[in-house]
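Participant: Before anything else, here's the structure in question.
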Amino acid sequence: MNRSNPTVTAVIVTYQSRKLVGAALDTLHDGYRAGVVRVVVVDNASGDGTADFVADRYPWVKLLRNETNVGFGRGCNRAIEHAVTPYMLLLNPDATLDSASLNELVAFMETHPRAGMCAPAIVQAGGELQKAGGLPTPLEVVLAPLGYWRLSNRRRSIVPGSEPARTDWLCGAALLLRRTTIERIGGFDPRFFLYFEETDLCRRALEDGWELWTVGKAIARHIVGASAQTTGERLHWHAIADHYYRSRFYYLAKHFGLIPAIMADLGEVASMLLRTPIDLLRGRENGHVRLRLKAPLLQPPPAAGRVSNGL
């Protein structure tokens, strides 16, 4: 068995993930035994014994312990520094990807040299399919509460077994990256503590001329929001509201300018308020308005040198 030249470095960033990460690591073990995969776990100072669990149960995994919670993107960046393989697999601790599916992703990348990233079909716990596509714009943020995404064809589900398709956005829960792409565009922007870091990465890859693809013949499983639920923070659409809205504001300001980002935040609230009487007439309660008004508005995440609380 030759482990000196693996093809993929699998990167898993954990926080309070002791009950979840075992399944992810178990599915990677066959690839490790075959000499194809090297696995790096970066633990963000979990308080539930995640790091010790990985060290005791999975001695073949390279474990990096952070003294503080540095977030997802910065955790990935630390692991990427240790990666020398042609490809890197980003895998959430609450996601699984078996060896056959990983081989499908690698084989696709080998035959598509302009593909900078590709993602499998991701089946969520309730059977829902992860969508791909639809890099957000300020206008779409404003229109979303009015049902824009239900009418748009920019976001499409990755159907298991479907043929490869180009797109402009891929979910970071299970994502294969070409090392050359990361070397050209850099790693994750450290300003993103959580959420929108892969959105920013996808946009930068496209701007550098790389292609993004879905590969439906590869299938991953994902328990959406499982890690977020352990934090006790306020959630909005399975996401920690404080981090989600700060990261989105920073993403929009970075790529579209400060004024469009401000207009997007304020316009979203206005659209939610506009929809509220319509929902009430239909006998529905629009709880999203209250959640949005309690979440950060017009606020970016802290500077990269500061550490945030939560996941």
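Just so you know, all these numbers are worked out from the coordinates, no wet-lab data involved. On a predicted model such as this, the values are computed, not experimentally measured, just so you know. We place every Cβ from the backbone using ideal geometry, glycine too, and count neighbours over all the protein chains shown.
Participant: Restricting attention to strands (runs of 3 or more DSSP E) lying wholly within the stretch 43-149, give those where 3 or more residues are closer than 22 Å to residue 197 by Cβ and free of Cβ contacts under 8 Å to residues at least 60 places away in the same chain.
Facilitator: Counting at least 3 such residues, we get 62-66.
Participant: Next question, about the same structure. Could you check how many residues of the stretch 154-198 are within 20 Å of residue 101 (Cβ to Cβ), assigned to a loop (DSSP other than H, G, I, E, B) and charged (D, E, K, R)?
Facilitator: 1
Participant: Hey, among the residues in the stretch 10-39 that are of a type in the set (Val, Ile, Thr) and surrounded by fewer than 23 Cβ atoms within 10 Å (Cβ to Cβ), which one's farthest from residue 180 (Cα to Cα)?
Facilitator: 27
Participant: Sticking with this structure for a sec: Taking the stretch 87-118 on its own, how many of its residues are within 16 Å of the chain's Cα centre (by Cα) and within 18 Å of residue 12 (Cβ to Cβ)?
Facilitator: Counting residues in the stretch 87-118 that are within 16 Å of the chain's Cα centre (by Cα) and within 18 Å of residue 12 (Cβ to Cβ) gives 11.
Participant: Regarding residue 100, is this residue surrounded by 21 or more Cβ atoms within 10 Å (Cβ to Cβ) and among the small types (Gly, Ala, Ser)?
Facilitator: Taking the combined requirement at face value, the residue does not satisfy it.
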